[in-house]
Amino acid sequence: MEVKVLSSKIVKPRYAEGAPRPDTTEHVPSSVFDKITYHIQMAIIYAFQAPAPSTEDIERGLAQVLSVYRLFAGQVCAGPDGALGVLLNDHGARLVRRAWTGPRWSTSRRPSPRLWCCSCTRTWRATWRRWCRCS
């Protein structure tokens, strides 16, 4: 199976016209459950069979979702009290378009390491080790 990156970009939240912009300095501390679990990224991989929705439609939908669920558009970092949490700074979420060759069933039951590499990049891992510098 060969995996190709077609595009990669940060999608920022899109708020309704005329709606007031939320505070981008708000910090949400980690919950008790966040503190006792492993510090991992939850990758979500969607695969669309032809005819697939357009990239513009997916991007528009993601931008609208991020405006409602702001935690997904924030950055993980230490807050003013030093506790780990999410800064709701509307940084955005990475949208990556990839294509792969091979049978569809080969990715649904037990994804290969080549497909897993799509969900967690080296850049993200290095950033996570530094506990995400919020700037």
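The numbers here are math on the coordinates, done by the rules we state, and not lab data. Keep in mind that what you see is a predicted model, and the values were worked out from it rather than measured. Heads up, the Cβs are rebuilt from the backbone with ideal geometry, glycines too, and the neighbour counts pull from every protein chain shown.
When the residues of segment 45-65 are filtered to those that are in a loop (DSSP other than H, G, I, E, B) and in contact (Cβ under 8 Å) with a residue 24 or more places away in the chain, the one that is nearest to the chain's Cα centre (by Cα) is Ile45. Is it the case that some residue within segment 82-92 is among the β-branched types (Val, Ile, Thr), under 12 Å from the mean Cα position of the chain (by Cα), farther than 20 Å from Val5 by Cα and surrounded by 15 or more Cβ atoms within 10 Å (Cβ to Cβ)? Scanning segment 82-92 turns up no residue that is among the β-branched types (Val, Ile, Thr), under 12 Å from the mean Cα position of the chain (by Cα), farther than 20 Å from Val5 by Cα and surrounded by 15 or more Cβ atoms within 10 Å (Cβ to Cβ).
If you go through segment 2-24 one residue at a time, do you hit one that is part of a helix (DSSP H, G or I), over 13 Å from Asp90 (Cβ atoms) and under 19 Å from the mean Cα position of the chain (by Cα)? Within segment 2-24, not a single residue is part of a helix (DSSP H, G or I), over 13 Å from Asp90 (Cβ atoms) and under 19 Å from the mean Cα position of the chain (by Cα).
Filter segment 2-21 down to residues that are touching a helix residue (DSSP H, G or I) at 6+ places or on another chain (Cβ under 6 Å) and of a type in the set (A, V, I, L, M) and give me whichever is farthest from Phe72 (Cα to Cα).
To start, the set of residues in segment 2-21 that are touching a helix residue (DSSP H, G or I) at 6+ places or on another chain (Cβ under 6 Å) comprises 3, 11, 13-15.
From the residues that got through so far, the ones that are of a type in the set (A, V, I, L, M) too are 3, 11.
Numbers: Val3: 26, Val11: 11 Å.
Step by step, filter segment 2-21, then rank; the result is Val3.
Residues in segment 66-94 that are among the polar types (S, T, N, Q) and part of a helix (DSSP H, G or I): Ser67 alone. If I ask for residues that are touching a Ser or Thr at 6+ places or on another chain (Cβ under 7 Å) and of a type outside the set (Phe, Trp, Tyr), which ones from segment 1-29 would you list? If the condition is that a residue be touching a Ser or Thr at 6+ places or on another chain (Cβ under 7 Å) and of a type outside the set (Phe, Trp, Tyr), then Met1, Glu2, Pro13, Arg14 are the ones that fit.
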